[in-house]
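A short write-up of the structure that comes next.
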Amino acid sequence: MATRIGVDIGGTFTDLVYYDDETGETVEGKVPTVPHAPEEGVVAAVSGHVPRAVIEKAEFFLHGTTVGLNALLERRGAKVGLITTEGFRDVLEIRRGDRAEMYNLFWKQPEPLVARHLRLEVSERVRADGTVFRPLDEASVAPALKALMDEGVDTIAICLINAYANPAHELRVEALLREGGFTGGISLSHKISGEYREYERTSTTVIDAFVRARMSNYLKRLDARLRELGFKGTSLITRSGSGSMTFTEAEERPFETIMSGPVAGAQGASEVAKMLGIEALITADVGGTSFDAALILNGEPQVLYEGTIDNMPIQTPWVDVRSIGSGGGSIAHIDVGGLMRVGPRSAGAAPGPACYGKGGTEPAMTDAAAFLGMLGPGRLASGITLDFAKAEAAIAPVAAAIGQEVEATATGILRIAASSMANAMREVSVEQGLDPRRMVLLPFGGAGPLMATLLADELKMTRIVVPPLAGNFSAWGLLGADMVQSAARTRIMDLGEEAVASANALLAALFADIAGRGEHGARETVLSARLDLRYKGQEHWLSVEVPLSGEAIAATAQEIAESFEAEYRRAFGGVMSEAIEIVSVRATLRAPLPRRGQSTRPPAEEGAQEETIPAYSFERKTRLPFRVVPRATLAAPLKGPAIITESTTTLYLDAEWTAATGAHGELVLTRSEA
């Protein structure tokens, strides 16, 4: 057991959950996000909800943030220079020569993070097997350095062809830059990614260089503020591929934290799936500005080994979370064709939805829900009391523009938002050949339980599980984020016993490398390995986990081939007669955190009591009397229509749905037909 504090920053609210291992108590808190200084929102959440004595004895502070992601999306990062091999200056613009949106005649690829005049070449060439074809011409480095320093670049990305197979030239270029007087940050591609494909590796290295300074400065400011509050433990941040890493490691490998925020919810969902024995689960994380969906199969999130942000690839483990700009703050508006749209523009934390009374005047999804009575009496977290008159006033102009009553417009806003969210959920299920009707929906976030039955209806799902601490569930998921390090190395070779021996040698080097990154202390570590395999002649590969004995693969080449064919048959419905080859070797080291307890029931809301209000039923298409029931008081199964309240979220239980409390404090919702 260990006392720990988890804080997740969202677009509208900053969520906190802490677990006190002495009392077994789990406490949540929610404060408005501070967009211009996100660490101030974190400090406000910690100081406002965690006693000083708990802060001082806490062993871990775990954090999920979108600082790196926002830096990329907003193009607010370092001024980067790129040094690459002669002939590869334009790889960031040539990309793969394809279009992200094939049938969109107006599609334009995003501008590269490095302008062409800041992409410079040096003379050298390394072959894919690591042998040197052309030695590095050291004289070609000096003019490149002078040009970049004259331009005032903050950081330099070095990406030489096939450096993953032999990094000697990259290391020498780095040394020459330092000898030449460059004092800024340097990102080396072979340290960022040990995998092949020049465009993807160059993109990843440039992204690391672009966000490095901003992420490092943010983490240093946050850590200093936490120390001022009395925190003496270890500060961790979640990785894009699940798990966590220390702030120090994140400063060195910021590209691994790009999806730090959305991943926490998927981690928590994995724990819930294992705890409840759910084989297939889809998450619905509805926050203030965005919606995230992830698929959890057999208790594990689906992990990719390359992500994409703004059409820029990143070679790093990546939990498959699909995100869209749809949340409680998403604004309803009329497009040029006279149709009503919802999002992706959001009211955010400031001014927020009109019903928050903070100056917002445009109709947000929360305003529609408030007007329809879906948020009950309207007493929300952070002391917010909804202003229903302002919600109606914000919706009225849009209603007039489409010739509808305010109530019909409000229901349309919710339906449009639910449809957009359901489409994201189809991407992680239907588009992968899986039927969401046979899955369980896990809604969380400030507005997840509010939208749960609407989303279930869109996808014809009949079972919903609302976890404890649903409003702050991502922060709760942070508390179980084990420390993880991973690395990969490309080496293409025919699958056979000789190749397995070579893979073992690679694994030993990879495990040695990642063991030196983390600060595991005396904690026991768990090793795992995967091989990327494909049939000869194919472009793409499948990643297959292999058993280990110590640091070596405990399987024969034939057994590995059988595992690959089983995975290939599952993915594509059949196998081929071609020979199999290894593409890359992947190593992962996990240092599990001590398990923590879980509050089985939410704390009682002070002054909360049952009442009845009129609210709109999407099932009956009219307003009905809805019981308003505090979640902490729910004992017997409750039939809808009802609104179940708790401190950080509101559950809208439509007619035809029944809610019952499960053994671990979760609420299980089922349709009456089921």
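A short reminder: the numbers here are calculations on the coordinates, not readings from a lab. What you see is a predicted model; the values in this text were computed from it and never measured. All Cβ positions, glycine included, derive from the backbone under ideal geometry; neighbour counts span all protein chains shown.
Points to keep in mind about this one:
- Charges were assigned to the Cβ only: +1 to each Lys and Arg, -1 to each Asp and Glu. The resulting dipole of the chain about its Cα centre is roughly 780 debye.
- With both residues required to sit in the chain, DSSP beta bridges show an antiparallel share near 75%.
- Ranked Asp494, Asp208, Asp482, criterion: other C-beta atoms within 10 Å, fewest first: Asp494, Asp482, Asp208
- For the stretch 17-161, share of DSSP beta bridges that run antiparallel, in % to the nearest 5: 40 percent
- Folded to 0 to 90 degrees: helix 198-228 orientation relative to the chain principal axis, Cα: 60 degrees
- Test item: Cα-centred dipole of the stretch 493-593, Lys/Arg +1 and Asp/Glu -1 on Cβ, debye: 380 debye
- Order of Glu124, Glu25 - criterion: other Cβ atoms within 10 Å of each residue's Cβ, fewest first: Glu25, Glu124
- Top positive-direction residue, dipole computed over the chain with Cβ charges, set Ile384, Ala447, Ala475: Ile384
- Between helix 497-515 and the chain: long-axis angle, C-alpha atoms, 0 to 90°, nearest 10: 70 degrees
- Distance distribution note for the stretch 483-591: the fraction of Cα pairs above 20 angstrom is 39%.
- Low-density loop positions, chymotrypsin sites (Phe, Trp or Tyr not before Pro), the stretch 97-170 - DSSP coil, at most 15 other Cβ in 10 Å: Tyr103, Phe106, Trp107
- Approximating the spin labels as points 7 Å out from Cα along Cα→Cβ, the Ala501-to-Ala142 distance works out to 4.8 nm.
- Dimensionless Rg over Rh [the chain; C-alpha; Kirkwood]: 0.98
- Value at 222 nm in deg cm²/dmol, rounded to 500, when DSSP H runs of n ≥ 4 in the chain each add -39,500 (n - 2.57): -9500 deg cm²/dmol
- For the chain, with +1 on Lys and Arg beta carbons and -1 on Asp and Glu, the positive-most of Gly574, Val27, Thr283 along the dipole: Val27
- Low-density loop positions, trypsin sites (Lys or Arg not before Pro), the stretch 186-244 - DSSP coil, at most 16 other Cβ in 10 Å: Arg197, Lys232
- Relative to the longest principal axis of the Cα atoms of the chain, the long axis of helix 38-49 makes an angle of roughly 50 degrees.
- Chymotrypsin sites (Phe, Trp or Tyr not before Pro) within the stretch 541-593: DSSP coil, no more than 10 neighbouring Cβ in 10 Å: none
- Considering only Tyr164, Leu219, Phe133, and ranking their Cα positions along the charge dipole of the stretch 103-239 that arises from unit charges at the beta-carbon of Lys, Arg, Asp and Glu, the one farthest toward the positive end is Leu219.
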